[in-house]
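I have placed the structure first, in the form of structure tokens, so that the comments after it can refer back to it.
Bear in mind that the values in this text are calculations on the coordinates, not laboratory data. Source: prediction; values computed, not measured. We place every Cβ from the backbone using ideal geometry, glycine too, and count neighbours over all the protein chains shown.
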Amino acid sequence: MLNKKDKKRLEKVLKSLDWNITSEYDNFIEIETYSNAGEELIETLDSNDIVGSAFNIYNNYDAEEHVQLWAEYSLNHEKGVPDIFTLVEDAKDIEEMYKQLYLALDKEFNI
């Protein structure tokens, strides 16, 4: 669990990047934001290793895999799924969002 000071620091960083804390349980903090194309992104940080958690989210994200996941739905014109071009651009944007989240938390907590 984070102490009050560290929680405030976390909230400040998250807010600066348009992320919100949606829930906290045990030693985990669930955060949420939306991509530029409107995809809801929900991730979980370990409160005992916030920076490591953020790095893992960034490091494990595969933009190509993300596009492939949604491509079939897009090609079938499923309601609410953007076209392929938008999916590709959004996947790149999501990768950058994860990178910025990691870098900002690393800067804040690994001074």
| Is there a residue in region 91-107 that is touching a residue at least 60 places away in the same chain (Cβ under 8 Å), surrounded by 15 or more Cβ atoms within 10 Å (Cβ to Cβ) and of a type in the set (G, A, S)? | yes
| query | Identify, please: which residue in region 1-43 is without any contact (Cβ under 8 Å) to a residue 60 or more places away in the chain and among the aromatic types (F, W, Y) and is, among those, surrounded by the fewest Cβ atoms within 10 Å (Cβ to Cβ)? | reply | Y25
| query | If you go through region 81-97 one residue at a time, do you hit one that is closer than 24 Å to D6 by Cα and out of contact with any strand residue (DSSP E or B) (no Cβ under 6 Å at 6 or more places or on another chain)? | reply | yes
| query | In region 41-74, how many residues are over 13 Å from M97 (Cβ atoms), part of a strand (DSSP E or B) and charged (D, E, K, R)? | reply | 1
| said: Among the residues of region 14-46, what is the count of those that are of a type in the set (A, V, I, L, M) and over 13 Å from the mean Cα position of the chain (by Cα)? | reply: 1
